[in-house]
Protein chains: 2
Amino acid sequence: MEPLTEAQQELYDWLVDYIRDNQHSPSIRQMMKAMGLKSPAPIQSRLDHLRKKGYIDWSEGKARTIRILQDIHGIPVYGAIAAGYVSEVYTDEVTRLDLAGLPIKSGDYALKVNGDSMIGAMIQDGDMVIMRPVHDPQSIREGTIVAARIERGETTLKYFHRQGNQVQLKPANQDYPVQEFLASQVDIQGRLVAVWRDSFD
Amino acid sequence: MEPLTEAQQELYDWLVDYIRDNQHSPSIRQMMKAMGLKSPAPIQSRLDHLRKKGYIDWSEGKARTIRILQDIHGIPVYGAIAAGYVSEVYTDEVTRLDLAGLPIKSGDYALKVNGDSMIGAMIQDGDMVIMRPVHDPQSIREGTIVAARIERGETTLKYFHRQGNQVQLKPANQDYPVQEFLASQVDIQGRLVAVWRDSFD
DNA sequence: ACTCAATCAGAACAAGTGTACTCTCGACTA
DNA sequence: TAGTCGAGAGTACACTTGTTCTGATTGAGT
């Protein structure tokens, strides 16, 4: 990332804070006052440089449309780790894991997992599963993990399989039985899109 | 939260998406087009209702200053699901899982997991592990999962154990051996605070 | 049948706002 | 020493944009 001058850095830092707090960009005259200036020209100049250097962008001619190009919310992904004695560090290109924006859409919701019936799918007690609402049951693919409500009763997390007009709900644990229902008996409330676990002491 | 009409809900959902994607509010005429309308009046009406019901707010007279009052980045936690045929739905109090803010501190970073040496700890290939830097190796508790760099070589994810002045790195998979090193040989780069997995088709 | 709220079209206005322009000044460099 | 670049003041203009009108339509209650 190309370095910034002191004045540019000052404006950039203020911008990031303002946008994070207010969910929208300030106007040039607002920035002017915040920087203690009496003319919009210096702000324009700094903004031009910030854009040229790849820090921000905006829609030409439109009011308050500045966007910070760097991810504000995510955390940096430094590389790949682990296991087979291999490791790799991303030095030049630091991607970012945007837990807030990237894989999650509006409407998604989370459920806390009780029990261990999905242990074979690496989902354990206490995990948070992020679900996406399913509007058309026909669109669910075989083997997807879904939250299924059975006959207006309890909801469980299971593998989804079709068998004619029947629906199979398979746990990922030998200790639990496979359940079969008529398609009309089960209500698929969502499909699994992500798992979050922070239950480490 | 007061319920919304269909038209209001449609606008609100679109708004949330737009602001999250663009870091600023759209103009009324943009909303007009997005909703397929030919007049700004209906949008204003919907916005008035959304504000009155506490969903959004804006600075009067200022362009593109709409803010979503609800937390955009967290996602709602509807309840507990699964497993032992038990389920529970949180109806009254909807907590929110703030993936961006809550359990993650500044300085945390993510690593993509290669291999299956931690499969016993329910961490599989492709998972993102969120690590927190460890400054004092003495503070690490027995059995914590850490990212350890061995003799300035590769970094691996393992259980951390002490044995006198030696350090044991135990994988969570029988197929891999336990490794032992002098404390001076291993550099603990971080301890595991969370796991994220979104590799579902 | 009546009321009321919510939803639309269309037009108009005033303020907010981005942008362009002309200057000056200081720091650094060839 | 002349030249370039970034910072800053001040002014002006055109477009974007929020807001306010006047009406018409629809649907749900009563």
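The values are calculated or read from the model by the stated rules, or taken from the named source; none is laboratory data. Only a predicted model underlies this, so the values are computations on that prediction, with no experimental measurement involved. Every residue, glycine among them, receives a Cβ derived from its backbone with ideal geometry; neighbour counts consider all protein chains shown. Surface areas here come from the heavy atoms of the whole protein model, side chains and all, with no ligands, DNA or RNA. Shrake-Rupley method; radii C 1.70, N 1.55, O 1.52, S 1.80 Å.
Here the stretch B:109-196 has 44 percent of its accessible surface on carbon and sulfur atoms, given a 1.4 Å probe and all protein chains in place. In bins 5 Å wide, starting from 0, what share of all Cα pairs of the stretch A:6-68 does each bin hold, as a percent? With a bin width of 5 Å, the distribution comes to 4, 18, 33, 31, 13, 1.
Taking a probe of 1.4 Å and counting only protein heavy atoms, give the total accessible area buried between chains A and B in Å², rounded to the nearest 100. Don't skip to the end; give the middle numbers.
Values: alone 13510 and 13490 Å², together 20370 Å².
The contact between B and A buries close to 6600 Å².
For the stretch A:109-196, what relative contact order do you get, as a whole percent, if you take Cα pairs closer than 8 Å and at least 6 residues apart?
Working: 184 pairs, mean separation 29.5, N = 88.
Result for the stretch A:109-196 is 34 percent.
With each label modelled as a point 7 angstrom along the Cα→C-beta vector, the B:Ile28-B:Asp57 pair spans 2.1 nm. Which lysines have a Cα less than 27 Å from the Cα of A:Lys170, not counting those fewer than 8 places away in the same chain? Within the straight-line limit of under 27 Å, A:Lys170 reaches these lysines: A:Lys105, A:Lys112, A:Lys158.
Between A:Ala7 and B:Met35, the simple spin-label model (points 7 angstrom out along Cα→Cβ) gives 4.3 nm. Each 5 Å bin, from zero up to the one with the longest distance, holds this percent of the alpha carbon pairs of the stretch A:109-196: 3, 15, 28, 28, 18, 7, 1. Counting Lys and Arg as +1 and Asp and Glu as -1 over every other residue whose Cβ lies under 12 Å from the Cβ of B:Leu37, the net charge comes to +3. Proximity of backbone amide H atoms, modeled 1.01 Å from N, is registered between B:Ala194 and B:Ile130 at under 5 Å, excluding neighbours fewer than 5 places apart on the same chain.
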